[in-house]
Amino acid sequence: HAAGTVIAVDGPAAAGKTTTCLALANTFGLRYLESGRTYRIIAFEALRREIPVDDTREITGLCDELLMESRTESLLTAERYASDKLRETPVNVAVSAVAKIAEVRQRVTGLIRLWAKTQAQCVVEGRDIGTAVFPAARVKFYLTASPEVRAMRRVRQERADSYENVLADVIRRDEADMNRAASPLVAAEDAIRIDTTRLTIDQVTSRMASACRNQGLEIIRQCE
Ligand code: CDP
Ligand code: CDP
């Protein structure tokens, strides 16, 4: 990716990707993209249209239809999908199946690369950003934390479900994302790994910000 600077942030659910990416975007003047949202939109539409999420041909067809219906950017940033709808339990379950399909990943990857070409500097979060989408990213981070701490964070954040259910979902999604054949969740060899289990958001953000500065990124705003 020659056009601009890409910061890649990967890791499992509730590792702190969104929160820290938004802070970095603010500090360094980066455009921000949450790639998981696009996988969630595809899963949401599959459920709405009652398409079996493990049917590769049907889901790939749905994917193409959605891409055709929308301008390229809108499946990535589409605001007509409310975030709380995309985070409901059925979508959490369906998204792992949809994200397993290589044809779907290929299409979403294409969209993200196209979007990034039009950005001078961006930070993109997901599961395979530093490994598959932008292997040549300027800076790569891999955030983790224990499943228990991550589940606790999600419960505090969303208050919609019990700790036990959220923990089970976190563990199930970790396993599905890490063990699939198509671009599984794994740290890139050159990623900076941060275990956030015992770190505050500010501590994680400032470590990430210094790594970005070391790579020549310029601060345009102080971290709040
Ligand atoms: O916010 P949270 O970490 O819970 O999930 P997300 O980032 O919205 O991602 C939802 C799901 O999409 C993940 O569990 C993966 O199955 C899939 N995903 C992916 O496969 N590759 C990406 N680059 C981003 C998300
Ligand atoms: O994007 P991802 O799913 O990786 O996580 P997030 O949405 O950024 O973080 C999930 C929740 O954990 C948020 O409410 C954060 O404020 C919280 N968090 C935390 O308490 N401590 C951290 N070191 C990171 C995140």
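The values are calculated or read from the model by the stated rules, or taken from the named source; none is laboratory data. This one's a predicted model, so the numbers in the text were calculated from it and none came from an experiment. Here the Cβ is made from the backbone with ideal geometry for all residues, glycine too, and neighbour counts use every protein chain on show. Keep in mind that these areas ignore ligands, DNA and RNA; they rest on the heavy atoms of the full protein, side chains included. Shrake-Rupley method; radii C 1.70, N 1.55, O 1.52, S 1.80 Å.
Label separation (residue 64 vs residue 190): 3.6 nm, computed from points 7 Å beyond Cα along the C-beta direction.
Here the simple spin-label model places points 7 Å from the Cα toward Cβ, and for residue 78 and residue 206 these points are separated by 4.1 nm. In plain terms, the chain is cut at each of the trypsin sites (Lys or Arg not before Pro) found in a DSSP loop with at most 11 other Cβ atoms within 10 Å, and the longest leftover piece is 81-158.
Just the number, please: Stokes-Einstein D of region 1-126 in µm²/s, Kirkwood Rh from C-alpha pairs, 10 °C, 1.306 mPa s. Could the numbers behind the result be given before it?
Values: Rh = 15.1 Å.
The estimated diffusion coefficient comes to 105 µm²/s.
Give the whole-number value, in cubic angstrom per residue, of the convex hull volume spanned by the C-alpha atoms of region 132-224.
129
Against the empirical 2.2 N^0.38 Å (N residues), region 49-110 has a Cα radius of gyration ratio of 1.10. A 1.4 Å probe run over the protein chains yields, for region 126-224, 58 Å² of accessible area per residue, whole-number rounding. Using Stokes-Einstein with the Kirkwood hydrodynamic radius over Cα pairs, what translational diffusion coefficient do you get for the chain at 37 °C and a viscosity of 0.692 mPa s, in µm²/s rounded to a whole number? Rounded, D is 184 µm²/s.
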